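A short worksheet on the structure shown next.
The values are calculated or read from the model by the stated rules, or taken from the named source; none is laboratory data. A quick note: this is a predicted structure, and the numbers were derived from the prediction, not measured. Methodologically, a virtual Cβ is constructed for each residue, glycine included, from the backbone with ideal geometry; neighbour enumeration extends over all protein chains shown. Note: areas computed on protein heavy atoms with side chains; ligands, DNA, RNA excluded. Shrake-Rupley method; radii C 1.70, N 1.55, O 1.52, S 1.80 Å.
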Amino acid sequence: MHFELSEEQQMIRQAARDFAQNELKPGVIERDEHQKFPAAQVKSMGELGFLGMMVDPKYNGGGMDTVSYTLVMEELSKIDASASVVVSVNNSLVCYGLEKYGTEAQKEKYLKPLASGEQIGAFCLSEPEAGSDATSQHTTAEDKGDYYLLNGTKNWITNGSTASTYLVIAQTHPELKHKGINAFIVEKGTPGFTIGPKENKLGIRGSDTHSLMFNDVKVPKENRIGEDGFGFKFAMKTLEGGRIGIAAQALGIAAGAYELALAYAKERKAFGKPIADHQAIAFKLADMATQIEAARLLVYKAAWMKDQGLPYTLEGSMAKLFASKVAMDVTVEAVQIHGGYGFVKEYHVERLMRDAKITQIYEGTSEIQKLVISRSVLS
Ligand code: CAA
Ligand code: FAD
């Protein structure tokens with residue numbers, strides 16, 4: 001067993017760290033305040049190869065491993081989780097889903113521009129009445145011979161207005177329940193497909209979250225992913241890797257807040273000495289560092305298992321459950337260490353605290369991760 005990163009992994013991490021400091025940090029407070037999507041930064045991340053990191057180079061990807069991807073997610077999330085969620089969705093939900101389960105024609109047409117970052121994608125599973133209970137899909141895809149007719153509403157879709165390609169889950173054979181669900185590739189601009197207003201959120205405010213409406217949308221048969229009825233398995237298998245990405249995002253949010261709190265605690269003086277010299281603050285920092293290291297090990301292990309071709313459902317859920325709790329706990333403490341300054345936007349920690357919360361909700365709430373973990377340990 002060894003814990004060192006390869007030279008290549010260290011270089012990728014440094015590139016992400018530099019990009020986050022130089023390109024994401026300037027303007028991050030304003031983007032959060034005005035809910036502005038980081039469009040220019042997403043374009044640059046595409047040019048750096050961050051949007052299709054694990055995709056085979058023959059489809060314009062970076063051919064990198066999952067560990068490298070988590071390193072990039074961690075570094076970007078230290079500064080701007082609204083930008084890193086674009087990276088997460090594009091890499092581990094959209095590109096992965098298409099590369100693993102798409103046809104050659106689908107990869108040529110849709111994966112290539114997504115992996116190069118020329119376009120971005122969205123993953124559309126959740127509905128107004130089907131979030132955790134994802135098998136209860138109300139969106140229907142009626143088989144009309146050479147096309148499917150899509151009707152329904154998707155909720156909370158990340159990259160909702162900025163994506164070009166949408167992977168949409170819908171029910172084709174209600175009598176078969178989850179075995180009747182399909183996944184489809186839907187292009188923006190298809191007649192009958194409309195995008196609702198942007199959600200006004202607590203955190204990741206730069207990320208564009210929208211509901212999507214499908215009203216008699218014709219989807220060509222060749223845009224179905226996998227065999228008839230494969231859609232729910234497609235969503236579950238894809239989310240397994242997605243959860244590692246969100247775990248890495250949570251880790252990054254925690255690490256970013258910790259780094260700010262550590263620096264502040266050494267600098268800020270109270271009662272004649274730096275607050276870090278008061279044991280109450282020093283012990284908070286000790287707890288934060290320990291929690292972050294434990295989260296990091298879970299995240300890297302889940303990524304490593306995926307890279308080894310080993311099953312990683314359990315490890316991905318454990319990493320997400322634990323890292324998202326650490327993100328919440330550490331960011332709250334980081335605000336506390338900053339005192340009143342932590343409560344204002346200029347010091348960044350209040351935004352990290354608000355951003356941390358979503359990591360306990362999306363790609364399966366903490367309760368759902370516990371469901372997955374408990375079923376695994378009890379089986
Ligand atoms: N891999 C393969 N198949 C799986 C699977 C997995 N990891 N998990 C479940 N399945 C299969 C089961 O084997 C079963 O199929 P069979 O009957 O053929 O065996 C089928 O799926 C249904 O599974 P369950 O009986 O376990 O269904 P359930 O309703 O009891 O539980 C669930 C399913 C785990 C709760 C699931 O619905 C779930 O994960 N819910 C959370 C949804 C979620 O994570 N949404 C995220 C949306 S994307 C997002 O959020 C993106 C973003 O923010 C950026
Ligand atoms: P519910 O499922 O209604 O859950 C409500 C509460 O009940 C939660 O605490 C939950 O844990 C608990 N609960 C539910 N069932 C159980 C159970 N069996 N046991 C114990 N507790 C339970 N979805 C997408 O498809 N694509 C996206 O790109 C996307 N992006 C998102 C971005 C944002 C900012 C947000 C807020 C959400 C996003 N989602 C996306 C949706 C997200 O995945 C869901 O919100 C999430 O899965 C929870 O579903 P819900 O909101 O319907 O809550």
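Which residue fluctuates the most in the chain, going by a Gaussian network model with Cα springs under 10 Å, if the choices are Ile246, Ile157, Ile368?
Ile368
Projected area of the range 201-247, taken from the Cα convex hull and averaged over every viewing direction, in nm²?
Average projection, Cα convex hull of the range 201-247: 5.4 nm².
If I take the Cα coordinates of the range 275-379 and project them onto the principal axes, what are the three extents in Å, biggest first?
Principal axes ranked by extent give 47, 25, 25 Å for the Cα atoms.
Taking 1 over the mean of 1/r across every pair of different Cα atoms in the chain, what Kirkwood radius in Å do you get?
Across the chain, the inverse of the average 1/r is 21.0 Å.
Principal axis extents for the range 37-172, Cα atoms only, whole Å, descending order, please.
42, 32, 26
Expressed in nm², what is the orientationally averaged projection area of the convex hull enclosing the Cα positions of the range 268-327?
About 4.7 nm², averaged over all directions.
Give the ranking of Ser132, Ser207, Ser379, Ser374 by solvent-accessible surface, highest area first, calculated with a 1.4 Å probe.
The ordering from most to least exposed comes out as Ser379, Ser132, Ser374, Ser207.
Bin all alpha-carbon pair distances of the range 97-221 at 5 Å intervals from 0 and give each bin's fraction as a whole percent.
The calculated distribution, bin by bin, is 2, 11, 20, 23, 22, 14, 6, 2, 0.
Of all accessible surface on the chain at a 1.4 Å probe, what whole percent is carbon and sulfur?
55 percent
Taking the Cα centre of each part, how many Å lie between the range 182-254 and the range 277-310?
What the calculation gives is 30 Å, centre to centre.
Tell me, what is a quarter of the convex hull surface for the C-alpha atoms of the range 18-101, in nm² with one decimal?
Mean orientational projected area (the range 18-101, Cα hull): 5.2 nm².
Using only the Cα atoms, work out Rg/Rh for the range 173-317, with Rh taken as the Kirkwood radius, to two decimals.
For the range 173-317, the value is 1.16.
In the neighborhood of Val86, defined by Cβ-to-Cβ distances under 12 Å, what is the net charge if each Lys or Arg adds +1 and each Asp or Glu adds -1?
-1
Grab the Cα-Cα distance for Lys36 and Thr190, subtract it from 0.36 nm times how many residues apart they are, and report the gain in nm with one decimal.
Full extension of this stretch gives 52.9 nm more.
Semi-axes of the equivalent ellipsoid for the range 161-252, please: Cα gyration tensor eigenvalues, times 5, square-rooted, ordered largest first, whole Å.
25, 20, 11
Taking Cα centroids, how far is the range 45-62 from the range 81-125 in Å?
Distance between centres, Cα-based: 10 Å.
With respect to the cross-link table entries Lys25/Lys269; Lys36/Lys100; Lys112/Lys154; Lys301/Lys345; Lys201/Lys357; Lys58/Lys233, which display a Cα-Cα separation exceeding 23 Å?
Listed pairs above 23 Å: Lys25/Lys269; Lys36/Lys100; Lys112/Lys154; Lys301/Lys345; Lys58/Lys233.
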